[in-house]
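Shown next, in structure tokens, is the structure this report addresses.
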Amino acid sequence: MSLNKYFEELNEFANNNYHSFDGDFDSFDDEDFGFDDDYGYADGSAPSSAPTSQPYIINVQNTTASAINNVTILGAYSFIGTSAPAYGNTAGISISMGIANVTYTEFLYQSMNKPFSVGLTYTSSATANQVLETITVTQKDINGNITSKVLTPTIDPYQFQTDKIAFKFEYRIDGFTYLTISSILASATMKIYFYPSETVSVSRALAGRQAVQDYGRPPVVQGTKINIAAPKRRMGGGQRRLGR
């Protein structure tokens, strides 16, 4: 399945099946920001019972004829009270949700009250080179500790599309977390897909289920690599006898 076809089906599914995470999230360790270069189940080893997460989709649009640098999304504690659609950014930036009947303000509110871990991040844009802009993930705790990680986009030589990038990097999103896009190019729209790798809900435990819900990696890109290997010999067969 091509990525374009996948995202078309994904948008339709998300628009018809969007459900908020329920319950509370345990407090994060002040010194553990959750950065991890590996998705928990990136190798396909997720338990068979682990469902595939459905993404949160954010649209970031530049309505001007010039590139706008250092565009910030999320950061609910700082930006939830700012005016739409720029949400604290330079005029000309418009941020919205890519899911029907859900506003970006509602998403910011949920990120404050029901944080989650992101295991896979996808960016997509019809504008050439937009997906090659870096994204910096910044996190802070209540003690004032700040840490940042730059996600540098790299196009897999085996992928056919050049307008989509996958970041297999795990991080947590809460009210402090914000992402800075190095530049939104002139008249460009960038879609960002956040696939949760883990959510925690006390209400699940009250219902007799596990409070922690793990998710398997979404099979967005598969079967694009070709492995060439020599044919395997049958064990115990066709062996040459050593002379005596």
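The values are calculated or read from the model by the stated rules, or taken from the named source; none is laboratory data. In this text, all values refer to a predicted model and were calculated from it rather than measured experimentally. Cβ atoms come from the backbone with ideal geometry, glycine included; neighbour counts cover every protein chain shown.
The criterion of being within 22 Å of residue 188 (Cβ to Cβ), surrounded by 13 or more Cβ atoms within 10 Å (Cβ to Cβ) and touching a strand residue (DSSP E or B) at 6+ places or on another chain (Cβ under 7 Å) does not hold for residue 115. Could you tell me whether residue 154 is part of a loop (DSSP other than H, G, I, E, B), surrounded by fewer than 22 Cβ atoms within 10 Å (Cβ to Cβ) and within 17 Å of the chain's Cα centre (by Cα)? Yes: the conditions hold for residue 154. Looking only at region 56-91, residues that are loosely packed, with under 13 Cβ neighbours inside 10 Å and closer than 14 Å to residue 104 by Cβ come to 3 in all.
If you go through region 119-147 and pick out every residue that is surrounded by 13 or more Cβ atoms within 10 Å (Cβ to Cβ), without any contact (Cβ under 8 Å) to a residue 40 or more places away in the chain and not aliphatic (A, V, I, L, M), you end up with 1.
Residues that are in a loop (DSSP other than H, G, I, E, B), of a type outside the set (A, V, I, L, M) and surrounded by 15 or more Cβ atoms within 10 Å (Cβ to Cβ) within region 162-185 comprise 163, 169, 174, 175, 176, 177, listed in sequence order.
I'd like to check something: does region 205-226 contain any residue that is at pLDDT 90 or above and part of a strand (DSSP E or B)? Explain how you work it out, then say what you get.
First, pick out the residues of region 205-226 that are at pLDDT 90 or above: none.
Taking every residue of region 205-226 in turn, none turns out to be at pLDDT 90 or above and part of a strand (DSSP E or B).
Evaluated against (1) outside any strand (DSSP E or B); (2) in contact with a helix residue (DSSP H, G or I) (Cβ under 6 Å, 6 or more places away or on another chain); (3) of a type outside the set (Gly, Ala, Ser), residue 123 falls short on exactly one condition, (1).
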